[in-house]
Structure formats: structure tokens, C-alpha cells
Amino acid sequence: MDNKCDIGVIGLAVMGRNLILNMNDKGKSVAVYNRTVSKVDDFLKGDAAGRGTIVGTHSLKELCAKLKRPRKVMLMVKAGTAVDEFIEHALPFLEEGDCIIDGGNSFFKDSIRRTDYLTKKGILFCGAGISGGEEGARHGPSIMPGGNPEVWPLLKDIFQSVSAKTISGEPCCDWVGTDGAGHYVKMIHNGIEYGDMQLISEAYSLLKDVIGMDYTEIAETFKQWNKTELDSYLIEITAKIFYFKDDDGEPLVKKILDRAGQKGTGVWTSVNSLELGVPVTLITEAVYARALSARLDERAAASLILKGPEISLTHDKWQMAEDIRKGLLASKIISYAQGFMLMKEAAKEYSWNLDFGNIASLWREGCIIRSVFLDNIKSAFKKNSDLQNLLFDDYFSGILADCQESWRRVACSAVTSGIAAPALCAALSFYDGYRRAASPANLLQAQRDYFGAHTYERVDKPRGEFFNTDWTRN
């Protein structure tokens, strides 16, 4: 073989190892390195055994020397300072026109900074969001590359060859935009993932605690739901989780501690929504729900002190289950709509030319939030590239109209039964706030003017004309 490799990968944790094997399966020769160099040797003796086109190296200098020019060095390391440290350690062994790819879950503003920093040094930077977990990395993830536009021609063949493919054969990987755009879109993907997972968990709680379904019935229900508009990866694996039995024959899920972890991307989405003034309420409630779940001892104490209503099923069991399905579907649409609202505002704020229909395609296969109605999102933006909000599209507004009565019944059942459903209720509240031409914010403005002379506009005067009143004169 040519002793020069197509790409070098730094980091041999599960994502890095699987991506390397995926690349190698697609005919790419890969040089590999890990800070703990013994892991390189273990990898070559283990998963990579017999693969002569995976080349182990024991230093960054050796890795860079093994690469074809322009060199492509991909970092599959923990986001944060580790990325900056590896960049600095690699720079002495790189030349103008070489590229560094960050394939971790990095904060998009770090990718903006790194693009600028490396461009000044003549090095091309790519911040590539990768979704799909270890299975996706091995067999085809969704990849969202951004950074210096000059880097894309160097990486397109490698990235699109290893990415997931749609049924029609389109790669779930395409150029997203400049500097931090790739990692931003991955951040929004993860924010929507937070919302989806919380909504599904709330549906599970309602099925179990209000309807009284056992775990087998819940598994069957999610399996059936996956044959409807809810068809998605998360609904599919949820059914499998409920079917799964522990060694004693009991459902494993009932033995799992109800303390949800998080790695920060949901928080980043919520914080950025506040910075840009976009009401991403559902995702934010999902983040807070995980934070509340972590307060195990407090919740245990509160359960002994704070009382709630008796739970009673107010209508037919299977009608209620259908209401929950429709409420979940409507809320899921709101989650995606809010995510795309935030991306639309970010495109203006950070001067990105985002193709929203294309982004929906990138998520169609390989990633955690893949679902059938991403095709409908793509179609909505194809019909109208200037679509202000997904809720304005006939397909989505039609579903919300069809689901509305069920959605409201489910929200009422949750409240009257004392079952927390923060994401579902936030979705409905957003819908009701968004669809009203008039809101109670006129009172807020009057209050602000009363105590702080912040001024207000009037409905009977031209926009942009501001008034102040001496509210104490009466």
C-alpha cells in the first residue's frame, strides 16, 4: 500500500474507533493516534487486527508524517480544552493548506474562534457535528460539517462515503456553513433530541400512571405508534426498552434510577435561545426536567409532605391512549418548529446561509432524531425557502388542527391527575401564545412604564412611536 494515509484520527474512544473502522470499510487508509499510546497497540491487535490500511502511530509527529498532503487530521476527543491542546500540539507538524477537523460535541462559539485562529495560520478548520452514537459512527452517522469553506472539497468524499444514506441514496452529510455552523446545527439537533426524549417520557408516565398500563402494554403501544406519523428512531427503541427483561424476568427499565444525565448541549441550546430572544420553551423545559430528576433526595422528601390529587381515568382507556399519541405528535412538531425558529434567527445573527430543507435531510437517517416527518420538513422548505415557521406549512398546521382536541384533553388529564408533563404543556402554551394576534403583554408594558418610565407603543399610532405616561396623576 501507499505508505501515506488518507486521513489521521486522534482519539480511540468508542466513537473514534468506530469511525476509523467505518472509514476503512469505505476504502480509506487511516493513521491513528491516542494520547495513551498503549490504546493504539490494543486497537491494532483487537478491532483493527488484519487491517493493513489502518496504521498505528505513537506521536503526533509520526501521525502527521504518515498523511497525504494536504493533511487531514481529525480530532475525536472530549470537547473543550483538550481540542485546543491537541491543535497546539499538532500545529508544528502541519503546513499551509492542511486541515484540522473537530468531530466532537464542541460549543459552536469555540468553532467560530478556532476557524478564525487557524485561518490566520494558514490551516483549514472544520467543525463537524456527528450524530448517531457508536452504532452510527460504525455504520453511518449524520455528519454536519462547517468551518472554513475551503476545507469541504478536501473532506467531501471521505465524509459522504462514511455517512448514513437516505432510501434514495443521498448522503446524510453536506456542507452546512461557515465557522461554527456545523456544530451549531448539531447543538440544535441535540436540543430537539432533549425535547423528544422528554415528551416520550411524559407519554410513558401518562400511559403507566393515568391509564394503568403494564410494561408489556406500554411496549405494544409504542410499537404500534411507530407505524404512524410518530415513526422514528426514538419511538422504535422505546418499544424495545419496554420489552427488555432483566435476568429475573422483570422489565429492566423499572429498575433504572430515575436520575437523567446531560452533557450540556441542551443547556447550550436554551442559553442561546435566551441570547437571541427565541422562545424555545419546550427544549428548555426538557433541560429543567432533567435537572429536577437529579434532585432525588429532595423529591423523596417532598413526596412525604406535598400532596396531590387522586388519579382517575376520565374516559375510555384506548381513547386516552390515542389522545396521548396525538398530544405527543403535536408537541413533537412544536419541538422541531422551535428548533428551526432558533436556527433561522442564528443564521441572521452569525451571518450563516443555512439551507433548512437540507438540514432536515441530514437528519433523515443515521442520527438520534431521525423520523419520517423530516421528509415533510424538507418538503415544506422546498415549497417555500422563506418559510417563516414550520407551523405555517399546510402539512404541519393540518396535523395540529387534527390533534388539538386530544392534545388539550391530555394536558388537562396530566394537570388534574397531578402528573408532571412540562414539555407537553409548554408545547401547548407556546401554540396558544403563538396563534393569538393579541397578548397580555400590553399590561407588561404599562407596568414597565409605571415603575421605570420604559415607554410603550400604542395600537392607534404608527409603530416606532413611543410614549410615556405619568401613571400617578389620577
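Compared with the dominant Cα axis of the chain, that is its longest principal axis, helix 181-206 is turned about 50°.
Using 0.36 nm per residue and subtracting the Cα-Cα separation, the extra length available between E457 and S351 on full extension is 35.1 nm.
The order of I377, I167, I143, going from fewest to most other C-beta atoms within 10 Å of their C-beta, is I167, I377, I143. Using the beta-carbon distance between I167 and A13 and R0 = 30 Å, what value does 1/(1 + (r/R0)^6) give for FRET efficiency, to the nearest 0.05? Calculated transfer efficiency: 0.45.
For volume of the Cα convex hull per residue in Å³, the value calculated from this model appears in [x] 234; [y] 355; [z] 202 under label [z]. For the chain, the Cβ-based charge dipole about the Cα centre amounts to some 700 debye (Lys, Arg positive; Asp, Glu negative; other atoms uncharged). Please list, by residue number, everything in the stretch 1-27 whose backbone N is under 11 Å from a paramagnetic label point 7 Å out along Cα→Cβ of K68. Correct set: 2-7. Within the same chain, aspartates and glutamates fewer than 8 places from K39 are excluded, and of the rest, those with a Cα less than 14 Å from its Cα are D47. Pairs spanning more than 20 Å between alpha-carbon atoms, out of K28/K378; K109/K186; K66/K165; K78/K186; K4/K61; K61/K156: K28/K378; K66/K165; K61/K156. Subtracting the Cα-Cα distance of E310 and K78 from their residue separation scaled by 0.36 nm leaves 78.8 nm. Taken one residue at a time, the phi angles of the stretch 65-71 give Karplus couplings (6.51, -1.76, 1.60, θ = phi - 60°) of 5, 8, 9, 5, 9, x, 5 Hz. Gly and Pro are set to x. When a/c reaches 1.5 or more, the comparison of a/b and b/c decides; with that in mind, is the stretch 192-308 rounded, prolate or oblate per its Cα gyration tensor? Judged from the Cα gyration tensor, the stretch 192-308 comes out oblate (a/c at least 1.5, b/c at or above a/b). Note on D297 and L252: the model spin-label points, each 7 Å out from Cα along the C-beta direction, lie 3.0 nm apart.
Toward the positive end of the charge dipole of the chain, with +1 on the Cβ of Lys and Arg and -1 on the Cβ of Asp and Glu, the farthest Cα among G261, W471, H139 is that of H139. The ranking of I311, I192, I305 from fewest to most other beta carbons within 10 Å of each one's beta carbon is I305, I311, I192. Across the stretch 403-411, computed HN-Hα scalar couplings (Karplus, 6.51 cos²θ - 1.76 cosθ + 1.60, θ = phi - 60°) run 8, 4, 4, 4, 4, 5, 5, 5, 4 Hz from first to last residue, x flagging Gly and Pro.
Between F466 and K383, the contour length at 0.36 nm per residue exceeds the Cα-Cα span by 26.0 nm. In order along the stretch 243-258, phi translates into HN-Hα couplings of 6, 6, 10, 6, 4, 8, x, 7, x, 5, 4, 5, 9, 7, 4, 7 Hz, rounded to whole numbers, per the Karplus curve 6.51 cos²θ - 1.76 cosθ + 1.60 with θ = phi - 60° and x for Gly and Pro. On the basis of the beta-carbon distance and an R0 of 45 Å, A438 and Q224 show a calculated FRET efficiency of 0.65.
In the chain, the longest principal axis of the Cα atoms and the axis of helix 265-276 are about 60 degrees apart. How charged is the neighbourhood of I368? Take every other residue with its Cβ under 9 Å from the Cβ of I368, and add Lys/Arg as +1 and Asp/Glu as -1. So the surrounding residues net to -1.
If R₀ is 56 angstrom, what is the calculated FRET efficiency for the pair E217 and L276, using the beta carbon separation as r and rounding to 0.05? Computed FRET efficiency for E217 and L276 comes out at 0.85.
Throughout, read-outs are computed from the coordinates displayed, never taken from laboratory work. No experiment lies behind these values; they were computed from the predicted model shown. Note: ideal-geometry Cβ built from the backbone for every residue, glycine included; neighbour counts use all protein chains shown.
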